[in-house]
1. Per-residue HN-Hα couplings for the stretch 626-640, Karplus 6.51 cos²θ - 1.76 cosθ + 1.60 at θ = phi - 60°, whole Hz, x for Gly and Pro?
2. Suppose we flag GluC sites (Glu not before Pro) only when DSSP calls them loop and at most 10 other Cβ atoms lie within 10 Å. Which is the longest uninterrupted stretch of the chain?
3. Determine, for 50, 196, 530, 165, the number of other Cβ atoms within 10 Å of each Cβ, and report the residues in order from fewest to most.
4. What distance in nm lies between label points placed 7 Å from Cα along the C-beta direction at residue 240 and residue 129?
5. For the stretch 468-598, what relative contact order do you get, as a whole percent, if you take Cα pairs closer than 8 Å and at least 6 residues apart?
6. Estimate the FRET efficiency between residue 656 and residue 458 by the formula 1/(1 + (r/R0)^6), using the beta-carbon distance for r and 30 Å for R0, to the nearest 0.05.
7. Rounded to the nearest 20 debye, what is the charge dipole size of the stretch 289-381 about its Cα centre when +1 sits on each Lys and Arg Cβ and -1 on each Asp and Glu Cβ?
8. Tell me, in nm to one decimal, what length is gained between residue 328 and residue 190 on full extension, where the rule is 0.36 nm per residue of separation less the Cα-Cα distance?
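Please treat every number below as a calculation from the coordinates, not as lab data. In this text the structure is predicted, and so the values were computed from the model without any measurement. Because the Cβ atoms are built from the backbone with ideal geometry, glycine has one as well, and the counts that use them run over all protein chains shown.
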Amino acid sequence: MPDMPLDTTTTETILIIEDDAGFAELMSASLAEAGHGCHCFTRGDTAFGWLASNSVSLIILDYSLPDMTGAAFVDRMRKIGLSIPFVMVTGRDDALLAVEMMKTGACDFLIKDTTFLDRLPAVISRALHEVGTRRKLEKAEICLRLSEARLARAQKIARMGSWEWNIVSGEIYWSDELYNIFGLKPGEPREISMEWIYSVVSPLDLPAFKKAMLNSVKTGQPLNINYRIISKDYGEIVVSSQGEVECDESGRACLLSGTTLDITARIRAESEIQQLINYDTLTGLPNRSLLHDRLHLAIAQAAREKHLLGVLILDLDRFKGINDALGHRAGDKLLKLVANRLGACVRETDTLARLGGDEFVAILVGVSHAEGITKVAKKILTIVSEPVYIEGHEIYSTCSIGIAVYPMDGEDSHTLLKHADLAMYQAKEQDRNNFQFFSRDMNIKVLERMMLENSMRKALEREEFFLVYQPQVDSRSGRITGMEALLRWQHPDLGLLSPDKFIYLAEENNFIIPLGEWVLRTACRQNKAWQNQGLPSVRVAVNLSAKQFGQYHLDQVIASTLMETGLEPEYLELEITESTIMKDAEQNTVILQKLKDMGVSLAIDDFGTGYSSLSYLKHFPISRLKIDRSFVRDITTNTDDAAIAEIIIDIARSLKLNVIAEGVETRAQMQFLSFNNCVEMQGYLFSRPVRAEEFAKQLKNGLKY
């Protein structure tokens with residue numbers, strides 16, 4: 001259809017430039033319900049023609065137009081001198097594009113998803129509000145510049161508030177203008193003394209004032225200080241005093257003279273500008289700009305102190321209905337009351353902000369566990385739901401809260417706010433008046449994580465970690481050929497924990513290095529002890545994590561461990577996953593060769609689950625491939641798993657490598673592997689991982705299976 005402007009008369013005019021005419025009409029209808037008038041066009045050039053003789057408050061701009069991109073439209077608009085705020089919309093979920101458009105000056109960036117039309121009115125209202133605030137800010141800045149210009153002229157022409165202090169005699173001279181600044185009639189009091197001046201300086205600024213005066217007298221340096229005084233007629237005002245020191249023939253200060261200017265208006269103007277920049281004009285809470293600064297600082301603090309950080313986005317339920325029924329004035333009063341109530345729910349160290357409309361954000365800092373966040377959310381739900389009385393009406397309001405937690409739900413402000421917003425919409429979908437975490441299981445995970453992290457480093461000292469050993473068997477003879485050392489944690493509160501419950505955390509906080517060295521040293525010492533007892537000499541296999549494998553001088557760590565425990569290198573096997581080796585294949589080949597030269601055996605663990613390159617594999621100085629249990633589990637029923645196992649065995653044979661299968665639980669699996677020339681196995685069919693005492697018996701008496 002041809003571009004036809006759809007117009008609704010209103011004080012705020014919005015221009016919609018959208019390539020889909022039908023969707024543009026839907027956008028216009030959605031905004032019309034919120035009281036906005038719109039003009040719609042499907043092409044950029046047509047819109048420019050209309051703008052030549054019309055003005056708008058805001059442009060909603062589709063990034064992909066038939067005749068130009070949204071970026072090109074903005075560039076052309078600026079070239080012809082148009083400065084119109086705009087909101088960019090697109091069907092692409094492209095973070096880089098969003099950043100690029102925000103850098104070009106977009107008020108917001110919206111993705112055309114299923115919630116687009118529902119979110120659009122709130123986003124546009126917020127953008128128009130921010131535009132209005134920006135205009136007020138520009139006006140305040142103009143007034144400030146005019147005030148500063150007048151002040152500069154007054155200083156130059158009138159030298160307002162001149163004074164002299166004879167340091168030797170103590171006499172002080174004031175000009176008439178200085179008396180006026182202090183709200184006094186010229187000559188009253190007749191004698192000005194330093195003690196009297198001290199009495200009218202604000203007690204909060206008096207120490208700094210005395211120090212500045214004394215410093216100028218002692219050093220001869222110019223005086224330059226801003227301070228507050230208690231004026232007789234004008235209350236507390238801010239003044240700026242500047243002075244020069246004159247010295248006598250001996251170099252001692254004898255006279256301090258200068259001017260004092262009333263800078264109250266300038267200070268107030270600067271304060272008003274800061275208020276407009278950083279605070280919401282309706283509620284006085286921090287706005288979106290200050291919120292991002294506060295959240296950025298809070299994230300840095302949480303990372304430094306290893307604490308959680310809660311980000312709560314709350315939205316009043318059915319606020320539009322209250323606005324429509326009672327009017328915007330009543331709606332504004334409700335928002336102020338809600339802001340006051342929310343302030344009672346958070347601490348002074350937290351941040352409470354208003355995003356715009358009926359959306360608020362709370363940043364909870366220094367949180368040790370998720371229960372603290374839950375308590376605040378419950379408190380907010382309770383206090384917001386209490387009735388309020390506005391203009392003779394009893395109003396019941398509720399809210400929906402979405403919660404994101406650093407670092408689990410994001411490590412930057414954009415991600416945390418996005419996830420909290422998604423959780424808030426989940427809360428609204430569940431009958432409202434409730435709160436939802438971005439991750440439903442987050443509460444349990446956070447509690448467990450904090451408990452583990454707090455107790456992990458002390459666990460080594462308390463000897464809570466121990467090793468179990470699972471035999472590796474020659475299936476044809478039944479002889480134990482080796483064993484794998486496996487880590488366990490007997491946690492005092494959580495009970496027995498397997499590595500999948502805590503290794504990820506050890507890797508994140510770098511505890512894996514000392515823990516891995518303890519495992520290596522303990523396994524080697526135990527194996528040597530068994531040999532000293534006359535038990536059969538077999539190799540012990542120890543897993544190396546990616547961080548252990550990448551640590552500096554790994555070969556020296558292994559060598560010192562073997563020397564300390566007395567275990568011969570041939571009885572130690574290091575298991576490394578293929579994904580770890582392939583991260584830097586060429587460099588890792590050098591590391592592996594150093595270990596091989598020491599006489600240590602090397603095995604690739606979980607072979608077939610990573611991304612090995614056969615061209616590299618043949619150069620790795622490894623001794624053994626381990627077939628992952630995921631292929632062994634269904635090896636007798638799944639032809640794909642059987643084929644993969646056969647291929648791994650053939651690869652090992654062709655490269656003259658040993659091969660071992662883990663996770664063998666049935667005789668059928670054992671027979672299949674044995675038939676295909678894989679004779680070394682480990683798994684529940686032969687034995688579960690057992691403690692050292694039980695494994696010693698297995699070494700002595702053999703296995704029965």
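1. 10, 6, 5, 4, 5, 8, 6, 3, 10, 5, 8, 10, 10, 5, 5
2. On the way: sites that count: 191, 249, 348, 391, 463.
Answer from the scan: 464-705.
3. Working: 50 15, 196 11, 530 21, 165 25.
Ranking 50, 196, 530, 165 by Cβ neighbours within 10 Å, fewest first, gives 196, 50, 530, 165.
4. With each label point 7 Å from Cα toward Cβ, the separation is 3.5 nm.
5. Working: 140 pairs, mean separation 27.7, N = 131.
It rounds to 21 percent for the stretch 468-598.
6. Numbers: r = 47 Å, r/R0 = 1.56.
The computed FRET efficiency comes out at 0.05.
7. The dipole of the stretch 289-381 has a size of about 200 debye.
8. Working: separation 138, 0.36 × 138 = 49.68 nm, distance 5.78 nm.
That pair, residue 328 and residue 190, stretches by 43.9 nm at full extension.
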